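See below for the structure under consideration.
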Amino acid sequence: MTPDSTNPRERWLSWLGTLGDLARLRTLRLLEREELGVGELARALQLPQSTVSRHLKPLFEQGWVDKRAEGTQSLYRMTPSALATDMRDLWRMSREHLGSAASFEEDDARLAEVIAARRVDSRTFFGRIGGDWDELRRELFGDAFVFEALLGLLPPDAVAVD
């Protein structure tokens, strides 16, 4: 059920219902710290991807999280400063009343592992294609790419002398 956005009571009750689920609160805690994809969230929360997706849907629809596409992946992030004042206040109160729990510390530790795995994946990828990079760049962008890229760094009114 989508609340009537013009009815403050319905909107408030909808927010309370959304934040009344511990999995969504855990999700928001992590998304406040880091922009994550569904798979990364699933690993950090130790929940199935389908469950994470199901929890993200109302969070996104109500404006608790932002989503952006990167390739085929959707990345989610919570930015408290971008929330409406009432939402920001409700989130602050919810976070304060949650306190700290062993499950949150475990979520945080798994989040750190997810972030560390990103770095390893990037190094592995670039380590694997590093030897072929010049050829790959030439195939994708042509032989003059480096020269054109360097020209793009010059101010338009620059004069070059040979």
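Structure summary
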read-out: Candidate set from segment 55-101 (those that are assigned to a strand (DSSP E or B) and of a type in the set (A, V, I, L, M)); member that is farthest from E34 (Cα to Cα); value: A69
read-out: Verdict on V114 being β-branched (V, I, T), surrounded by 15 or more Cβ atoms within 10 Å (Cβ to Cβ) and touching a residue at least 40 places away in the same chain (Cβ under 8 Å); value: yes
read-out: Answer residue from segment 41-52, given it is part of a helix (DSSP H, G or I), farther than 22 Å from L16 by Cβ and without any contact (Cβ under 8 Å) to a residue 60 or more places away in the chain and is nearest to the chain's Cα centre (by Cα) among those; value: L41
read-out: Matching residues in segment 63-79 - criterion: being of a type outside the set (A, V, I, L, M, F, W, C) and surrounded by 11 or more Cβ atoms within 10 Å (Cβ to Cβ); value: G63, D66, K67, Q73, S74, Y76, R77, T79
read-out: Members of segment 15-38 that are in a helix (DSSP H, G or I) and closer than 18 Å to E106 by Cβ; value: L22, A23, R24, L25, R26, T27, L28, R29, L30, L31, E32, R33
read-out: Pick from segment 80-105, criterion within 20 Å of the chain's Cα centre (by Cα) and in contact (Cβ under 8 Å) with a residue 24 or more places away in the chain, ranking: surrounded by the fewest Cβ atoms within 10 Å (Cβ to Cβ); value: P80
read-out: Filter result for L36 (in contact with a strand residue (DSSP E or B) (Cβ under 7 Å, 6 or more places away or on another chain) and at pLDDT 95 or above); value: yes
read-out: Count - residues of segment 50-82 that are modelled with pLDDT of 95 or more, hydrophobic (A, V, I, L, M, F, W, C) and out of contact with any Asp or Glu (no Cβ under 9 Å at 6 or more places or on another chain); value: 5
read-out: Odd one out for F125 among (1) aromatic (F, W, Y); (2) more than 16 Å from L31 (Cα to Cα); (3) in contact (Cβ under 8 Å) with a residue 12 or more places away in the chain; value: (3)
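The values are calculated or read from the model by the stated rules, or taken from the named source; none is laboratory data. As the structure is a computational prediction, the values presented were derived from the model and not from experiment. Note that we place each Cβ from the backbone using ideal geometry, even for glycine, and neighbour counts take in every protein chain shown.
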